[in-house]
Amino acid sequence: MAGDVTSGGREEAVSGCLCLMVLGCGNSFAGDDSVGLELVQRLRARGGCGCEFRELVEGGLGLLELFGRADIILFVDAVLSGAPPGTLHLVPLPSRDVVPRALGAVSSHGWGLEEALRLALALGRRVPRLMLLAVELESVVQGTRRTTPVDAALEVAIDHFPQVQAALLDSESALWSGHHSYPPGGGLSLNLQQEVPQ
């Protein structure tokens, strides 16, 4: 159902700090499309991140409620942009280059990310800063496991999440300047030394 959101609870953040929400998107039964959900589940289980983790099955009007709950929202999803499988992308949203699979196409109720943003602005709602952490997929066949390149990228993203989190909470970070891509096997370096220019 569009707008379905599963809450994983919120770790208490330090008072006065920006609130970061991490939304895992995807389909847990469709191979590489499960990567966003898996990342959120693994980070939640590890604990100590000081942010809120949720699982977003589809886009929809439920996004409006989430916009009011955070200062920054990080969407985590598989994408298909033409880059090699396992490529990691960090992209401020909205973006015409790379779009979360769960939010890019208009949902069954007629709402995707762009529609939710337009409605929020029309209603005078506060819109948080939005970032996408995307993993380039290889296969989304129902009933299959994630592919090796995507699993490797998942591990890199989990290992480097504290670095990503710190950059997201820094409004002057180069992360907010545009689309950054990191090829498979190259690690995730937020000093941008390993990025692929876009």
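Throughout, read-outs are computed from the coordinates displayed, never taken from laboratory work. Remember, predicted model here, so these are calculated numbers, not experimental data. Neighbour counts run over all protein chains shown; Cβ positions are idealised from the backbone, glycine included.
Between ALA45 and ALA122, the simple label model (points 7 Å from Cα in the Cβ direction) yields a spacing of 4.2 nm. Across the range 20-182, the mean sequence separation of Cα contacts (distance under 8 Å, 6 or more residues apart), normalised by length, yields a relative contact order of 32 percent.
I want to check the label-to-label distance for SER139 and GLU65. Put each point 7 Å from Cα in the C-beta direction and report it in nm to one decimal. Taking the two extended label points, one gets 3.7 nm.
Calculate I(q)/I(0) for the range 20-182 by the Debye formula, one identical point scatterer on each C-alpha and no solvent, and give its log10 at q = 0.15 Å⁻¹ to two decimals. These q points yield log10 I(q)/I(0) values of -0.76.
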